[in-house]
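Each remark here refers to the structure printed beneath this line.
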Amino acid sequence: MHITEEHNPCLPYLRDKTSKLTEKPGCYIMKDSGGKIIYVGKAKNLKHRVTSYFRKGQDHLPKVWKMVSLVRDYDFIVTDSEFEALVLECSLIKQYSPKYNILLKDDKGYSYIRVSNEEYPRLTAALQKEDDGAQYIGPYISSYSVKQAVDEANRVFMLPTCTKQFPRDLGKSRPCLNCFIKQCMGVCKGEISAEDYRGVVQQAVEYIKSGSQASVERLTEQMNAAAEALDFEQAAKLRDRIAAIKKAAEGQKIVSDDLRDMDIFAVSENADRACGSVLMYRGGRLFDKYSAPLGMTDLGSAMREGFITEFYSARSEIPKDILLDEPIENTELLERYLSDKCGHRVHISVPQRGALLRLTTLAKSNASEHLSLRVGRTGKEITALEELAKALGLEKPPRFIECYDISNFGSSDMTCGMVVYENGRPCKRFYRKFAIKTVHEQNDYACMCEAVERRFKRYLDGEDEGFSTLPDLILLDGGKGHVATVTPVVRALGINVPIYGLVKDSKHRTRAATASDHEISLTSYRRAFALVTAIQDEVHRYAITFTKARHKKNSFALGLTSVKGIGEKKAQKLMTEYKTRAALEAATEYELAKTAGVSAATAAELYKYIHGED
């Protein structure tokens, strides 16, 4: 979207001010009409970066366009290096909380793991920290992760989860089912001392804090010590506890047998919204996770950089390894900033294969599902559009996709169908049919050019609401020839929309997408491939249905000429007036005579023919 003086009357002033701006690194601070700071950004070259917002003809994403339309002035702070600009940017964002920066706000608050202060302590999940003498572990961002950790610790260490109170209820009733199925140590039987019980609870707390790997090492040492002291009963209990921890860890690790401490970041976006997710692994297990909507950014790289810096702005605990789903521009700069902040070396990487790649895929899935709740689309639909954008090299996932297909019976009844997909779903109110008018012999290239040209001329005219939306992507049911032929026609109208063809195999199944000079395989993008296949099948169905209906109508019109006194022009006049055979059958002889301009006798013969009478 372009920004003009109609949207922002201060553009001439802003452009003049920017033309005199320094080319040194620093931060720029955008302000609205009331002087309020609405966006803070950093730049390696202030002049080049700020100019990109106010340049004539500059395309902006909707969120950026909205921000630029509100800017009435800006300040800037020059720094000695880009690194200093990054540190300053983080400080300014924290200080002013600008509306259009990435703001990670969780309206659900934090969660804690509560260890009650009693003779027989219990592990439970708590939504807030109380002044009740209990021990609170946290805070955690995800309440789901807290509940999962509590359930896992209670199960692994066989802690009671019933409503009985100890020591009041010791030995007063039979043990519950959990005791018999080995999910509870049976405290209610009175066979376990309070001291031994608290020791097990402490092991559970250490397991939650340090993770499965450290717990296994510690319990293994205790088991060996018990065996050497000939306390085989205690050694067996510790052995079973180690086995339970390892089994639980298998489900937590999900994909890896040797998972080090790390955070995994991923961002999912559609045309105008984005969400980020981070999975936090500690001690070989999923420790916590967080998902949040993201604010305004220009590109995916800047979005991820902003997500990471804002996420760690209030945190001192930063792992040595950070994984990303996609590369960012300022990797070394961000590594240096985080390393200085936490006091140890931080490494940022983008896995390309193996178990770590599956972890970033999992984080991406979490981000997609979180975004789907906000935009009313499924995670699969969001992922499909993201994969399609990546495969075709688009700047952002396409919101509106138009697909065209030519259908005909030889050189007759030539038509073109246009289907529209909005955010990954068919939008049938925008479907359109084109009866080819200027091509009289079978020529799919010429037919496609005519249909596409008519569509975008209607867009430029601005008179038809159905053609008022400019697509983000054009797909043609055809190969390189279609793309090479149609592209110049579209560009001549001033339309700069990406155009790709859809190629089918010998069995008429989608094989790949194609530009004018090369093919693009979609087989490695499973959901994008499924979406493109669905679009191609839908446009083929729509086009051929229109062709069959048109052919049937034209065949019937041609049959009318068998009636003496009815020529092609009169037959066409009748079909234009009544449009369908049902409407013709409902017409009286008088109405037929009046419409076709024929005698009563001819109208009577025509009436018999229409009703199938000899």
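Laboratory data are not the source of any read-out in this text; all were calculated from the coordinates shown. Here the structure is a predicted model, which means the values were calculated and not measured. When we count neighbours, we look across all protein chains shown, and the Cβ atoms used for this are built from the backbone with ideal geometry, even at glycine.
Here the convex hull built on the C-alpha positions of the range 119-208 has a volume of 102 cubic angstrom per residue. Using a/c under 1.5 as the rounded threshold, could you call the range 438-490 rounded, prolate or oblate? The axes a ≥ b ≥ c are square roots of the C-alpha gyration tensor eigenvalues, and prolate needs a/b larger than b/c, oblate otherwise. Taking the square roots of the gyration eigenvalues as a ≥ b ≥ c, the range 438-490 is oblate.
In the frame of its principal axes, the range 299-361 has Cα extents of 30, 26, 19 Å, reported largest first. Placing a label point 7 Å from the Cα of residue 239 along the Cα-to-Cβ line, no residue of the range 178-211 has its backbone N under 17 Å from it.
Since only 37, 583, 535 are under comparison, the one whose Cα sits farthest along the positive direction of the charge dipole of the chain, derived from C-beta charges on Lys, Arg, Asp and Glu, is 583.
Taking the Cα centre of the chain as origin and charging only Cβ (+1 Lys, Arg; -1 Asp, Glu), how large is the dipole, in debye to the nearest 20? Mind showing how you got there, number by number?
Working: 90 positive and 83 negative charges, 214 e Å.
Dipole size: approximately 1020 debye.
Once the C-beta distance of residue 573 and residue 428 is scaled by a Förster radius of 22 Å, the resulting FRET efficiency is 0.10 to the nearest 0.05. Available extension along the chain between residue 378 and residue 492 is 37.3 nm, counting 0.36 nm per residue and deducting the alpha carbon span.
Which of the residue pairs 20/56; 66/433; 42/99; 428/457 have a Cα-Cα distance greater than 27 Å in the structure shown?
In this structure, 66/433 exceed 27 Å between Cα atoms.
Here the gap between residue 332 and residue 174, fully extended at 0.36 nm per residue and compared with their Cα-Cα distance, gives a gain of 50.6 nm. For the range 345-401, trypsin sites (Lys or Arg not before Pro) are listed when DSSP marks them as loop and at most 13 other Cβ atoms sit within 10 Å of their Cβ; the list is 345, 353. In terms of its alpha-carbon gyration tensor, the range 305-425 comes out prolate; a/c meets the 1.5 threshold, and the first ratio a/b outweighs b/c. Loop exposure criterion: GluC sites (Glu not before Pro), DSSP state outside H, G, I, E and B, at most 14 other Cβ atoms within 10 Å. Applied to the chain, the longest stretch between such sites is 464-612.
Checking the a/c ratio against 1.5 first, then a/b against b/c, what shape does the Cα gyration tensor give for the range 1-115? The shape class here is oblate. By the scheme Lys and Arg +1, Asp and Glu -1, what is the net charge of all other residues having a beta-carbon under 9 Å from that of residue 267? Every neighbour counted, the sum reads -1. Per-residue extension of 0.36 nm, minus the Cα-Cα distance of residue 16 and residue 162, leaves a gain of 45.4 nm for this segment.
Dividing the summed -39500 (n - 2.57) terms of all DSSP H runs of n ≥ 4 by the residue count of the chain sets its mean residue ellipticity at 222 nm at -14500 deg cm²/dmol.
Between residue 443 and residue 44, the modelled labels are 5.0 nm apart [label points 7 Å from Cα along Cα→Cβ].
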